[in-house]
Amino acid sequence: MSKRLIISNLMIVVIGLMSLPALRAQISTQSSSIRISEYRDDPYVAESYIGRIDASRFGQDDNGHPFLSGDRVSIIGEDFIFRQNPTTKIFAKFAWNPWPKDGRPNEKGNFKFADEVRFPIHEIERDADGKPLLKDGLQVWKPRDLHLGMTTAFAASNAARDAAEFWAGRDIQWGEKNGILEIESQVFIDFNAFYSPITRSLHFGVAPYRLPGETQIKMFETATSWEMVAHEAGHAVHNVLKPNHVLGDQGFDTWGESFADQTEMWASLHDQQRVRIVLAETSGNLYTSNSLTRIGEAFAAITGKVTGIRDAFHDKKISDTTTEVHDRSEVLTGAVYKVFTLISNELKSQGLDEGQALTEAGDIMGIFLTQGTDYAPENSMTLEDVGKAYLKVDKELYGGRYQIMFADEFIRREIFDANSVAEWMAHEAAVPDLYLPQHVSDEKMGKLVQANLDRLGIGPDFGLKLQSVRREGRFGQTIVRVQLTRGRGSDAALLDNHGILTFRADGTLADYHSPLPSNSSSQMQAQSNVQAVALINQAKRSGLDPHGGLLSIVRRPDGQLAVEARVMRSEGIYCWIEAYTMEHPEGERREVIIPTVPGNLRGIQPSGVEILSPDDLNQR
Ligand SMILES: [Zn+2]
């Protein structure tokens, strides 16, 4: 009774602030949400709960029933379960997919599957000798009427996109077409999941395991981990916000793992129940490991290693980590988590209650996360560049309020060296003085770029082609992307190098990152121009064939400039890059798919749980 009263009071406040059409929209969405079962972390943490998702997010079948396939996310039932060849990485068919192949609701027209078994048993059809039965050479697993992998994947990915759009102030048109992210919720055998940059879709593994002392095999669906799904969705978001990143770039991929973990963490704080759980667990002191910082607790439950796949609460520095992208990414995640706790405390001291402070601090971190993409170099970047982007977001959007918090933490963790802040300031001072007139058309924008090539550090042998103009609605910034050309004019050859200009709401240029890998000083830019011309000429003389790709000027790990061409290759759901360089004119393969869990899990784990391989499934 009293609860109802509070709600109706709230409604009056809301009515006071909203226009009538907005209010109607609000009421209609409230009345047309659909119930959906999902795990908050994963089955090893707690039972599933029943959330609600706006009805408009679902598709409809011919009878008007909702479907787990909407205008943002579409759950795809593959016909087969694949196994990955550990050497070639290619996926081959292994079994027929026993999960329901479509995202249909229950008989009540919703996605509440509250009675579904939490730790399902894996059963295989066998012949008279007890050997796995093969149909067309593939194992036949007994059908399982399990929906929580699909529903959790649908809920978590929608939540990640909602949060990211809220922070970034723009539509995030992920996926291959029409802004729809396709998700294969059960598609291969492994405790793993990945985002494919070629199909722009998500793929989730299933992991067979046996508990100590038990003979039966159980099957964990990674899609039932809200955190793993939101992490993968974070990769899809990052790819939209940084569309020109070099595939397989060590710096982008390292940032990407932190970006994905952070998308999951900060988005999860939009769930008020999650906020209450975190506060209860930590007694309000966030400076400790908790269910927010622990990512993928199922991993810990099954393997007995650490607290999850990763844990954002730690004190790791660059020198404590390897160059492996997940490992190195933790340094950034740990640094921003520390700042998150400081901001949350500050908000509390300003009078917000604990729950509000947590969600608000999470949103501030989400804004840094997504808006930071507008302030980092476009093709390749280092964690130091990302750290500088945080300082820039702070300067532009928060008046420098958090600069010391971030800078101290980045220095302490070795993301910054002693010169980083000074370098960032020098970069700031070198941003050209450009002005974007209001309501500028793309054509006019293109002309503005052409008129300012010199100021943008583009030498006479190069030009810029306008790639895109995007406006974001949160702070009113305009993000302009340009592509480098060899020579100038409409028939100039495109190079695979991109620059980014971010204009403030008042039209002044806030930041510029050149398409040439260069330092901020104009002298270095001039040198890069000259070197780049020489390298391209040399590449052409020695017959470096782009093989259908574009030539690209890159900075190698040793600091030297080089020219290369990159081409995407794929087989089935796997893809990689073939890179043609002066050292390897015949091409060298670079991996671009990064599984969430580094390394393959096989055999008996420290927990005593045995993780089975496809070969094990063949034998028993
Ligand atoms: Zn990842």
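The values are calculated or read from the model by the stated rules, or taken from the named source; none is laboratory data. If you're wondering where the values come from, they're calculated on a predicted model, not measured in any experiment. Backbone-built Cβ (ideal geometry, glycine too); neighbour counts: all protein chains shown. Quick note on the areas: whole protein, heavy atoms, side chains included, nothing else; ligands and nucleic acids left out. Shrake-Rupley method; radii C 1.70, N 1.55, O 1.52, S 1.80 Å.
Of note:
- Of all the criteria given as (1) open to solvent by less than 30 Å² (accessible area, probe 1.4 Å); (2) within 16 Å of the ligand (Cβ to nearest atom); (3) in contact with a helix residue (DSSP H, G or I) (Cβ under 8 Å, 6 or more places away or on another chain); (4) of a type in the set (A, V, I, L, M), the one not satisfied by LEU516 is (2).
- Taking the criterion of being within 16 Å of the ligand (Cβ to nearest atom) and either part of a loop (DSSP other than H, G, I, E, B) or surrounded by fewer than 21 Cβ atoms within 10 Å (Cβ to Cβ) (or both), the only residue of the range 200-210 that qualifies is ARG200.
- Taken residue by residue, the range 241-261 has no member that is touching an Asp or Glu at 6+ places or on another chain (Cβ under 6 Å), closer than 28 Å to GLY355 by Cα and not aromatic (Phe, Trp, Tyr).
- Contact annotation: residue pairs with Cβ atoms under 7 Å, 6 or more positions apart or on different chains, pairing a residue in the range 288-301 that is touching a residue at least 40 places away in the same chain (Cβ under 8 Å) with a partner that is open to solvent by 20 Å² or more (accessible area, probe 1.4 Å) and in a helix (DSSP H, G or I), are SER291/ILE277; SER291/GLU281.
- Residue within the range 246-264 that is open to solvent by 10 Å² or more (accessible area, probe 1.4 Å) and among the hydroxyl-bearing types (Ser, Thr, Tyr) present: no
- When PHE191, PHE252 are checked against the criterion of being at pLDDT 95 or above and within 15 Å of the ligand (Cβ to nearest atom), PHE252 stands alone in meeting it.
- Scan of the range 398-410 for residues that are surrounded by fewer than 18 Cβ atoms within 10 Å (Cβ to Cβ) and under 24 Å from GLY476 (Cα atoms), ordered by number: TYR398, GLY399, GLY400, ARG401, GLN403
- For the range 161-183, a residue qualifies if it is out of contact with any Ser or Thr (no Cβ under 7 Å at 6 or more places or on another chain) and within 16 Å of the ligand (Cβ to nearest atom), and exactly one does: TRP174.
- The requirement of being within 16 Å of the ligand (Cβ to nearest atom) and either within 15 Å of the chain's Cα centre (by Cα) or over 19 Å from THR333 (Cβ atoms) (or both) is fulfilled nowhere in the range 274-282; no residue meets it.
- Matching option when the condition is under 30 Å from PRO595 (Cβ atoms) and crowded, with 18+ Cβ neighbours inside 10 Å, among GLU578, GLU571, GLU472: GLU578
- Annotation note: of PHE94, PHE82, PHE67, PHE119, the sole residue that is closer than 15 Å to ASP145 by Cα and touching a residue at least 24 places away in the same chain (Cβ under 8 Å) is PHE119.
- Leading residue by the ranking (modelled with the highest pLDDT) among those in the range 610-620 that are surrounded by 18 or more Cβ atoms within 10 Å (Cβ to Cβ) and in contact with a Pro (Cβ under 7 Å, 6 or more places away or on another chain): LEU612
- Qualifying position, being within 16 Å of the ligand (Cβ to nearest atom) and in contact with an Asp or Glu (Cβ under 9 Å, 6 or more places away or on another chain), among THR581, THR596: THR596
- Taking the numbered list (1) more than 16 Å from the ligand (Cβ to nearest atom); (2) at pLDDT below 95 in turn, PHE299 passes all entries but (1).
- Figure legend. Inter-residue proximity from the range 256-284: first residues farther than 16 Å from ALA159 by Cβ and among the acidic types (Asp, Glu), second residues open to solvent by 10 Å² or more (accessible area, probe 1.4 Å) and near the ligand (Cβ under 10 Å from one of its atoms), beta-carbon distance below 7 Å, spacing 6+ or different chains. Indicated pairs: GLU257/VAL325.
- Per the listing THR215, THR151, the residue uniquely assigned to a loop (DSSP other than H, G, I, E, B) and away from the ligand (no atom under 14 Å from the Cβ) is THR215.
- Pairs, first in contact (Cβ under 8 Å) with a residue 24 or more places away in the chain and within 22 Å of GLY251 (Cβ to Cβ) in the range 306-327, second in a helix (DSSP H, G or I) and of a type in the set (Val, Ile, Thr), C-beta under 7 Å, six or more apart: ALA312/THR333; LYS316/VAL331; LYS317/VAL331; ILE318/VAL331; VAL325/THR254
- The criterion of being over 14 Å from the mean Cα position of the chain (by Cα) and either more than 18 Å from ASP374 (Cβ to Cβ) or not hydrophobic (A, V, I, L, M, F, W, C) (or both) does not hold for GLU227.
- Just one of the listed residues (LYS338, LYS392, LYS316) is touching a helix residue (DSSP H, G or I) at 6+ places or on another chain (Cβ under 9 Å), open to solvent by less than 30 Å² (accessible area, probe 1.4 Å) and either modelled with pLDDT of 95 or more or within 16 Å of the ligand (Cβ to nearest atom) (or both), namely LYS392.
- Scanning the range 476-496 for residues that are surrounded by 15 or more Cβ atoms within 10 Å (Cβ to Cβ) and outside any strand (DSSP E or B) yields GLN477, ARG488, ALA492.
- Odd one out for LEU146 among (1) open to solvent by 70 Å² or more (accessible area, probe 1.4 Å); (2) under 25 Å from ARG210 (Cβ atoms): (1)
- Contacts under 9 angstrom Cβ, first residue in the range 479-498 being at negative phi, partner in a loop (DSSP other than H, G, I, E, B) and of a type in the set (Gly, Ala, Ser), 6 or more apart: LEU484/SER514; THR485/ALA492; ARG486/ALA492; ALA493/GLY487; ASP496/GLY549; ASN497/SER514
- Selection status of ASP162, surrounded by fewer than 21 Cβ atoms within 10 Å (Cβ to Cβ), in a loop (DSSP other than H, G, I, E, B) and not aromatic (Phe, Trp, Tyr): no
- For GLU232, the conditions (1) surrounded by 24 or more Cβ atoms within 10 Å (Cβ to Cβ); (2) not in a helix (DSSP H, G or I) are fulfilled apart from (2).
- Members of the range 510-549 found to be within 29 Å of the chain's Cα centre (by Cα) and modelled with pLDDT of 80 or more, listed by number: ALA510, ASP511, TYR512, HIS513, SER514, PRO515, LEU516, PRO517, GLY548, GLY549
- Candidates are the residues of the range 283-313 that are out of contact with any helix residue (DSSP H, G or I) (no Cβ under 7 Å at 6 or more places or on another chain) and of a type in the set (D, E, K, R); the one that is nearest to GLU257 (Cα to Cα) is ASP311.
- Some residue of the range 591-605 being at positive phi and open to solvent by 60 Å² or more (accessible area, probe 1.4 Å): no
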